[in-house]
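Colleague: Here's a structure for you.
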């Protein structure tokens, strides 16, 4: 399993169980990290609420809570500090996904990102 997973301007660090943009940590809570880590595994591919509950929460029934939506909102709020809230997108019919731009990051320093790790 890789230690790092990149999703656009975000670098997720499995060792620290947190994400960062450039040199600033996002201060993700464990479930928030797991949510982003799972979505970053297949950027652009929507995951339904049920799939996320199974993969991230490890429950295989429909709870009477809106836990997924709450965690998505919290992650978006943390990403908003970097102008990246829209990266965690919602497709009303297919679920949540990371909308990772294909252009070069605004946080890359001209060395392909090697200096940001």
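Colleague: Which count do you get for residues in the stretch 42-81 that are within 15 Å of the chain's Cα centre (by Cα), exposed (fewer than 14 other Cβ atoms within 10 Å of the Cβ) and assigned to a loop (DSSP other than H, G, I, E, B)?
Modeller: Residues in the stretch 42-81 being within 15 Å of the chain's Cα centre (by Cα), exposed (fewer than 14 other Cβ atoms within 10 Å of the Cβ) and assigned to a loop (DSSP other than H, G, I, E, B): 4 in total.
Colleague: Oh, and also: Which of (1) more than 21 Å from residue 101 (Cα to Cα); (2) in contact with a helix residue (DSSP H, G or I) (Cβ under 6 Å, 6 or more places away or on another chain) is the odd one out, the single condition residue 54 does not satisfy?
Modeller: Failed condition: (2).
Colleague: Out of the stretch 6-31, which residues are under 11 Å from the mean Cα position of the chain (by Cα) and farther than 18 Å from residue 82 by Cα?
Modeller: Matches in the stretch 6-31: 31 only.
Colleague: Still on this model: Identify the single condition in (1) on the phi < 0 side of the Ramachandran plot; (2) touching a residue at least 24 places away in the same chain (Cβ under 8 Å); (3) loosely packed, with under 15 Cβ neighbours inside 10 Å; (4) touching a strand residue (DSSP E or B) at 6+ places or on another chain (Cβ under 7 Å) that residue 24 does not satisfy, given that it satisfies every other one.
Modeller: Residue 24 satisfies every listed condition except (4).
Colleague: Which of the residues spanning the stretch 82-98 are part of a loop (DSSP other than H, G, I, E, B) and in contact (Cβ under 8 Å) with a residue 12 or more places away in the chain?
Modeller: Listed by number, the residues that qualify are 82, 84, 94.
Colleague: Please count how many residues of the stretch 1-41 are within 24 Å of residue 93 (Cβ to Cβ) and in a loop (DSSP other than H, G, I, E, B).
Modeller: Here the count works out to 1.
Computed from the coordinates by the stated procedures, all read-outs in this text should not be read as laboratory data. Remember, it's a predicted structure, so these values are computed and weren't measured experimentally. Cβ: placed from backbone, ideal geometry, glycine included. Neighbour counts: every protein chain shown.
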